[in-house]
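Structure record follows, encoded as C-alpha cells.
The values are calculated or read from the model by the stated rules, or taken from the named source; none is laboratory data. A quick note: this is a predicted structure, and the numbers were derived from the prediction, not measured. Methodologically, a virtual Cβ is constructed for each residue, glycine included, from the backbone with ideal geometry; neighbour enumeration extends over all protein chains shown. The accessibility values were calculated without ligands, DNA or RNA, using every heavy atom of the protein model including side chains. Shrake-Rupley method; radii C 1.70, N 1.55, O 1.52, S 1.80 Å.
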Amino acid sequence: MAIAKRKSVIAKTGTEAPAELTRRHILKSAAKLFRDQGYVATTLRQIADSAGIQAGSVYYHFRSKDEILAEILDTGIDEVRKSVVSRLDSLPEEAKSRQKIAAGIEGHLIGLLQHGDFTSASIRTYGQLPAHLKKSNQLRRKEYSAFWDTLLTEAAELGELRTGIDLHIARLVILGAVNWTVEWYDPKQGSVQKVSRQIASLISDGVFVNGEA
C-alpha cells in the first residue's frame, strides 16, 4: 500500500521521489565512468563518489555493478529504438524505403546523442564484456537488429536496392556508421538532422537503384 501511495504522489506531482532521483543519478554517473574508463576499471566506490553518495548507499538501489551495467545497456538500446520508431511513425503511409531508412538513421542518431553517456557506454564497453555480462542485453540487441533487417528486406523485395546487396552487411554498415558518430559529432558541424541527412545520403546513394528517392 505504501508503495502504491508513493507512486500516486509521484504521478500527481509530476516529479520523481528522492529515491528515484538518486537511482537515476547513480545510473548517469556510472554510464559516464563506463564510457570514459571501461567497465573493468570502474569501481562501485568511484560510481558512488561521482554520484555524491556513500559507497554503501549504492546497494540500496542496485545489488551489484553488473546490475547497474545491465540497466545502462538496456536503457541505451531502448531509447534508440524508441527514437527510431517515433521517427518512422511520423512518415506518410506511402513513404518509400529510402525515406524509411533515412528516417531510421535520423531516429537512431537522435537517440544516440540525446542519451549520450548511456549509448556511448554501451557502444564502448559491450564488445569487451565477458559473455555472462552480455547475456541479459542480447535479446534487445537481436530484436533491434531484426527491426532493421525487416526494413532492408522490405526494400529489397520492392526492388529498391541494388541486386547483390548482402542485407546483413548492409545493416552492420548502417548501424556501425551511425554509432560511430558519438565519437566525433560536434554541434558546430551542424544539427543532428543535417548530419543524419548527410549520412543517409552517403549510404543510400551507394545502395539504392539510380539514387532514386
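If you check Ala200, Ala156 for being surrounded by 16 or more Cβ atoms within 10 Å (Cβ to Cβ) and at pLDDT 85 or above, only one passes: Ala156.
How many of the residues making up the stretch 68-84 are open to solvent by 50 Å² or more (accessible area, probe 1.4 Å) and either out of contact with any Asp or Glu (no Cβ under 9 Å at 6 or more places or on another chain) or at pLDDT below 90 (or both)? Of the residues in that region, 3 qualify. Please indicate, with yes or no, whether at least one residue in the stretch 101-117 is outside any loop (DSSP other than H, G, I, E, B) and over 16 Å from the mean Cα position of the chain (by Cα). Yes, some residue in the stretch 101-117 is outside any loop (DSSP other than H, G, I, E, B) and over 16 Å from the mean Cα position of the chain (by Cα). Of the residues making up the stretch 38-54, those that are more than 16 Å from Phe118 (Cβ to Cβ) and open to solvent by less than 30 Å² (accessible area, probe 1.4 Å) number 1. When we screen Ile105, Ile53, Ile101, Ile110 for residues that are over 30 Å from Leu158 (Cα atoms) and β-branched (Val, Ile, Thr), the only hit is Ile53. Being over 16 Å from the mean Cα position of the chain (by Cα) and either under 14 Å from Phe208 (Cβ atoms) or surrounded by 17 or more Cβ atoms within 10 Å (Cβ to Cβ) (or both) is the filter here, so list the residues in the stretch 160-172 that pass it. Those that are over 16 Å from the mean Cα position of the chain (by Cα) and either under 14 Å from Phe208 (Cβ atoms) or surrounded by 17 or more Cβ atoms within 10 Å (Cβ to Cβ) (or both): Glu160, Leu161, Arg162, Thr163, Gly164, Ile165, Leu167, Ala170.
Counting only helices (runs of 4 or more DSSP H) that fall entirely inside the stretch 121-211 and contain at least 3 residues that are of a type in the set (A, V, I, L, M, F, W, C), the qualifying elements are 131-157, 167-179, 192-207.
From the list Lys96, Lys65, which one is within 15 Å of Arg35 (Cα to Cα), open to solvent by 20 Å² or more (accessible area, probe 1.4 Å), modelled with pLDDT of 90 or more and more than 14 Å from the chain's Cα centre (by Cα)? Walk me through how you get there before you give the answer.
Working: Lys96 fails: within 15 Å of Arg35 (Cα to Cα).
None of the other options fit; the residue is Lys65.
Among residues of the stretch 128-142 that are closer than 21 Å to Ala41 by Cβ, those with a Cβ under 8 angstrom from a residue that is open to solvent by 50 Å² or more (accessible area, probe 1.4 Å), sequence gap 6+ or separate chain, pair up as Gln128/Val40; Leu133/Asp66. Do we have Lys142 as open to solvent by 80 Å² or more (accessible area, probe 1.4 Å), within 19 Å of Leu69 (Cα to Cα) and at pLDDT 90 or above here? Yes: the conditions hold for Lys142. Picking from Val173, Val178, Val192, Val182, which residue would you name as being touching a His at 6+ places or on another chain (Cβ under 6 Å) and β-branched (Val, Ile, Thr)? Only one candidate qualifies: Val178.
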